[in-house]
Structure formats: C-alpha cells, structure tokens
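One structure is given here, and the rest of the page talks about it.
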Amino acid sequence: MQQTRPARVRPTTAAVVALLLLAAFVALRTLTGDLPAETLPTVARDLVTLSASVLIESLPFIFLGVLLSVVVQVWVPAWVFERYLPRTPMLRRAALSLLGILLPVCECGNVPLARGLIVRGLSVPEAITFLLAAPILNPVTIIVTYQAFGWDHGILIARILGGFLIANLIGWMFSRHPQPQNLLTPGFQATCRAHHDHPAQGSRMRRAFVGFAEETSAVLPALILGCLIAGIIQVGVPRDALVALGANPVLSVLALMVLAFIIGICSNVDAFFIVSFGSVFMPGAVVAFLVFGAMVDVKMLALLRTTFTTGTLVRITLVAALAAAALGFGVNLLG
C-alpha cells in the first residue's frame, strides 16, 4: 500500500476556517440585506433557497454525527466491539445494521460516525453496511414513516426490510474484496494509520476537541459542495416532468428514484415530503424513493467522497439503485 503522509488537522486551522466562513456569511448578509429580493433572477433565488434549505436541514445531523464519532473514538474502548458484536461476519454486519436503533442520526450524520467506526477498528464492509442501513433502521425514521403512511400498501414494512436487505447485500459484496482498505481514499487511509501508529496524546477532552475539529473540517466543505450541486440540479430539472410519469408502474419507480437522488432530503423527514406524492405515484415508487434516497443522493456522494474512492461510490450507487428499483417493482406487482 502506498504510504501517504498522515493527515492531521490542527484545531486552530479548523477554527480559523470556521471563523472566516462565518465572517463571509455575515459580510454577505450585511452587504445584501437592504437589497430587494426581486433584484435577483428567479433562477438565482431558487438556487440559493434550495441549496440553503438542504444545508440548514443537514447541519444539525452533521454536528450530531461528528459528536458521536468523537465519542466512539475517544470514550468507547476498542474491545467493546469485539466483545459485544457476533464473530460471524454475516451476523456481525446484521448486528451493525441495527445500530441505528441506538443512534438515531440521518444519512448525513452517519458519514462522520462511520469514519469514526473505521478509525476504531471496524472493517470497511462493516462500516458500509452500517452507513446504508442506519438512516432507515432508526426510531425517528420508522416513526415518521408510520405517521405518514401507517400500514398502507406495506410501505413501512417494505422500507424497513428492503433497507436491511440491501445494506447487507452491499456489505457482503464488499466483504469479498481482497483488500477492503483499498476501498478508502488514500487520504483517509493515512488518517487511519495516523490514529493507529500515533494515537493522539493528552486528556480525553483535548483529544475530543482535536477529533471534532478534524472531522468537521473534513465533512463540512463536502456538505456545502453537495448542497450546492443538489440545488443546481433541482433548478435545472423540471419537477412537473417527473410527476407526469407517476401512473406508470416502471417509470414511476425510476422517476421518484431520480427525484430522491436530486433533492437529497434527510431520511428523518423524507416520508413527510413524499406523502404529498402518494396520490399520484404508485406505492412501489414511494418505497423506492424512501429506500434509495436514504442511502445515496447527490449530497451524500459529496460527503462520502471524503472517505471512499470514486470506484467504490459508483458500485454502491449502482447496486443500491438496482436493488431499490427491484424492490419498487416488486411492491407495485404485489399491490
């Protein structure tokens, strides 16, 4: 494996970057606060509104995920995973799929948490399984989905079972890789080696502060970029064209999967968003939206690129898309 210089970020650097970003936002607000909104073109207003809404919705979960990641790295001993998780790989991945029940974080917050689990010693396929299953198999998502759909058309059951099976399918697929570490970017491999070969020194609070700064500086720029891309695509793709496909059992599934990929809405609230489409789209399309969108979207790919190689993300996206589409088609046939 190619040796890469360990990637450690000084907390002061992250703090300076955060202060500069905050100063830039304050300056922008001060300079443009008196301007009427009508001075901006409609496309620009929509782009700012859509990008900012995704960013604001994601930020609390990102910070919660970073906080949980730091807790796992600093306060949870490595032997805990070995003692309480099954030793059989398949059962071990299945158990990690259910970890979301204890950690109700949406897909954005699970990225820094999965990074922390890998640093703590979990294998890459195990972290991927957790990453894909946890946004669906957590109590907030399940309750919200039930409130939106109840037991109608089996949407809730299909989402839970489908999310579990697809996450474990993809985890099993990557467990067959001869060198799972090569699924990670060289930069994150270096970070893992740095934590393993040169553990952070000092008190736990100091290590927690350093870890929080490292994770925040790694995922925040990717989140902002992903939200901007999601906003650009939403402005460019007419939603009416997607709605027009709602009555077709095949095209409706594909249309809502495209919508889920574009809008990047949080898995904890996506059921309330899509419930308004329930009268137009078939149940299988709604299930595909709820499963695929919780695993992969534009914003998530930008976040995941901080950890996984492009080839890994392409394979995750393709398998998740095919499996979610098959699930959606199946629900439509049974319905």
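The values are calculated or read from the model by the stated rules, or taken from the named source; none is laboratory data. Just so it is clear, the model here is predicted, and its values are computed rather than measured. Positions of Cβ are generated from backbone atoms using ideal geometry, with glycine treated the same way; all protein chains shown enter the neighbour counts. Side chains are part of the model used for accessible areas, which takes the heavy atoms of the whole protein and leaves out ligands, DNA and RNA. Shrake-Rupley method; radii C 1.70, N 1.55, O 1.52, S 1.80 Å.
Full-extension gain between residue 310 and residue 42, please, as 0.36 nm times their residue separation minus the C-alpha to C-alpha distance.
On the way: separation 268, 0.36 × 268 = 96.48 nm, distance 3.40 nm.
Here the segment from residue 310 to residue 42 would lengthen by 93.1 nm.
Evaluate E = 1/(1 + (r/R0)^6) for residue 53 and residue 80, where r is the Cβ-Cβ distance and R0 equals 41 Å; express this FRET efficiency to the nearest 0.05. Mind dumping the intermediate values first?
Working: r = 38 Å, r/R0 = 0.92.
Here the calculated transfer efficiency is 0.60.
The phi-based Karplus calculation (6.51 cos²θ - 1.76 cosθ + 1.60; θ = phi - 60°) puts the 3J(HN,Hα) values of the range 320-330 at 4, 5, 5, 5, 5, 5, 4, 4, x, 4, x Hz, whole numbers, x for Gly and Pro. Converting the Cα gyration tensor eigenvalues of the range 257-311 into ellipsoid dimensions via √(5λ) gives semi-axes, longest first, of 24, 10, 8 Å.
Based on the Cβ-Cβ distance from residue 95 to residue 251, what FRET efficiency comes out when R0 is 51 Å, to the nearest 0.05? Intermediate results must be reported in sequence, preceding the final value.
Details: r = 38 Å, r/R0 = 0.74.
FRET efficiency, residue 95 to residue 251: 0.85.
At most 12 other Cβ atoms within 10 Å and a DSSP loop assignment: could you name the trypsin sites (Lys or Arg not before Pro) in the range 140-227 that fit?
Working: sites: 159, 176, 193, 204, 206, 207; in loops: 176.
Hits after loop and neighbour filter: 176.
Shown here is the pair-distance distribution of the range 68-182: with all Cα-Cα distances grouped in 5 Å bins from zero up to the longest one, the shares run 2, 13, 21, 24, 19, 11, 6, 3, 1 percent.
Calculated accessible area for the range 176-335 comes out at 43 Å² per residue, all protein chains present (probe 1.4 Å; ligands, DNA, RNA ignored).
The amide H of residue 308, built 1.01 Å from its N in the peptide plane, has 185 as neighbours under 5 Å, considering only residues 5 or more places off or on other chains. Separation of the range 77-138 and the range 146-182, taken as the distance between their Cα centroids, equals 13 angstrom. Here the range 214-318 has 77 percent of its accessible surface on carbon and sulfur atoms, given a 1.4 Å probe and all protein chains in place. For the range 90-247, the percent of C-alpha pairs falling in each 10 Å distance bin, counted from 0 to the bin holding the largest distance, reads 9, 28, 33, 21, 6, 1, 0. Here each label is just a point 7 Å from Cα along the line to Cβ, and for residue 152 and residue 240 those points are 2.6 nm apart. One chain, two ends: residue 172 and residue 318. Fully extended at 0.36 nm per residue, the span grows by 51.1 nm beyond their Cα-Cα distance. Of the accessible area of the range 75-209, with the probe set at 1.4 angstrom, what percent is carbon plus sulfur? The nonpolar share, carbon plus sulfur, comes to 65 percent. Taking 11 Å as the cut-off, the amide N atoms of the range 244-265 that come nearer than this to a point 7 Å along the Cα-to-beta-carbon line of residue 233 belong to 257-265.
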